[in-house]
Amino acid sequence: MTLRLPLLLLGVLLLAACSSGGSDSDGSAPSYRPVPDDELYARIAQLPGVEAVDIRYDDTWPESKYRGEITIESGADPQAVLDATYAVLRQGRPDVAISVRGVQDRTSISFDLLDGRSGIPANLEKRYGPQPGDGTPPGDG
């Protein structure tokens, strides 16, 4: 009998935590319809300078994110290609991080145009504005 109350309280707390309904900090749904992941990946594959796309959505705790890599054509500007990739992904799921790297001529390339932990939602919003965006990187200004 003495163990029932703590177990019941633990169960209620776990149920409340699991039923929060997603990654929105205020619990509200996005004010737009996210572009489906497969469509985002297809759009990225069509970007100039992209040879191959290996990106997936990962909802593993503690942070949901798009992760993976793109193969960038030799001679293409890898930062510009990654910038366009991140801008396209901002049309997808709400408030997720992005961790996509490039591979060009067998060299791994990280995206350097964002500050600090580059792909966190706050930094993404600073660079690309609020979601969903239009898939176009901002100007250099």
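The single condition among (1) outside any loop (DSSP other than H, G, I, E, B); (2) small (Gly, Ala, Ser); (3) within 14 Å of the chain's Cα centre (by Cα); (4) modelled with pLDDT of 95 or more that ALA80 does not meet is (3). Scanning segment 85-133 for residues that are among the charged types (D, E, K, R), at pLDDT 90 or above and under 19 Å from VAL50 (Cβ atoms) turns up ARG90, ARG101, ASP105, ARG106.
Give the residue that is modelled with the highest pLDDT, with candidates limited to residues of segment 7-35 that are exposed (fewer than 12 other Cβ atoms within 10 Å of the Cβ) and under 22 Å from VAL88 (Cβ atoms). Walk me through how you get there before you give the answer.
Step one: filter segment 7-35 for residues exposed (fewer than 12 other Cβ atoms within 10 Å of the Cβ), giving 7-21, 25-29, 31, 33.
Next, only the ones that are under 22 Å from VAL88 (Cβ atoms) stay: 29, 31, 33.
On the way: ALA29: 64, SER31: 83, ARG33: 92.
Here the answer is ARG33.
In contact with a Pro (Cβ under 9 Å, 6 or more places away or on another chain) and crowded, with 16+ Cβ neighbours inside 10 Å - does that describe any residue in segment 112-120? No, the conditions are met nowhere in segment 112-120.
For segment 38-53, which residues satisfy the criterion of being assigned to a strand (DSSP E or B) and of a type in the set (Val, Ile, Thr)?
Of everything in segment 38-53, those that are assigned to a strand (DSSP E or B) and of a type in the set (Val, Ile, Thr) turn out to be VAL50, VAL53.
Mind checking which residues of segment 66-82 are surrounded by fewer than 21 Cβ atoms within 10 Å (Cβ to Cβ) and either over 15 Å from ILE55 (Cα atoms) or in contact with a helix residue (DSSP H, G or I) (Cβ under 7 Å, 6 or more places away or on another chain) (or both)? It would help to see each step written out before you state the result.
First pass over segment 66-82, keeping only residues surrounded by fewer than 21 Cβ atoms within 10 Å (Cβ to Cβ): 67-69, 71, 73-77, 79-80.
Within segment 66-82, GLU73, SER74, GLY75, ALA76, ASP77, GLN79, ALA80 meet the criteria.
Residues are listed down the side, and each one gets a yes or a no for (1) of a type outside the set (Lys, Arg); (2) over 14 Å from the mean Cα position of the chain (by Cα):
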| site | (1), (2) |
| --- | --- |
| TYR57 | yes, no |
| PRO62 | yes, no |
| GLY68 | yes, no |
| GLU73 | yes, yes |
| THR85 | yes, no |
| VAL96 | yes, no |
| ARG101 | no, no |
| SER118 | yes, no |
| GLU125 | yes, no |
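What's the total number of residues in segment 121-139 that are aliphatic (A, V, I, L, M) and open to solvent by 40 Å² or more (accessible area, probe 1.4 Å)?
Narrowing segment 121-139 to residues aliphatic (A, V, I, L, M): 122, 124.
Narrowing the set further to residues that are open to solvent by 40 Å² or more (accessible area, probe 1.4 Å) leaves 122.
The total comes to 1.
In segment 54-65, the residue that is nearest to VAL100 (Cα to Cα) out of those that are open to solvent by less than 50 Å² (accessible area, probe 1.4 Å) and in a strand (DSSP E or B) is ILE55.
The values are calculated or read from the model by the stated rules, or taken from the named source; none is laboratory data. Bear in mind the structure is a predicted one, so any value in this text is a computation, not a measurement. All Cβ positions, even for glycine, are placed from backbone atoms using ideal geometry, and neighbour counts span all protein chains on display. Note: accessible area is taken over every heavy atom of the protein model, side chains too, but ligands, DNA and RNA are not part of it. Shrake-Rupley method; radii C 1.70, N 1.55, O 1.52, S 1.80 Å.
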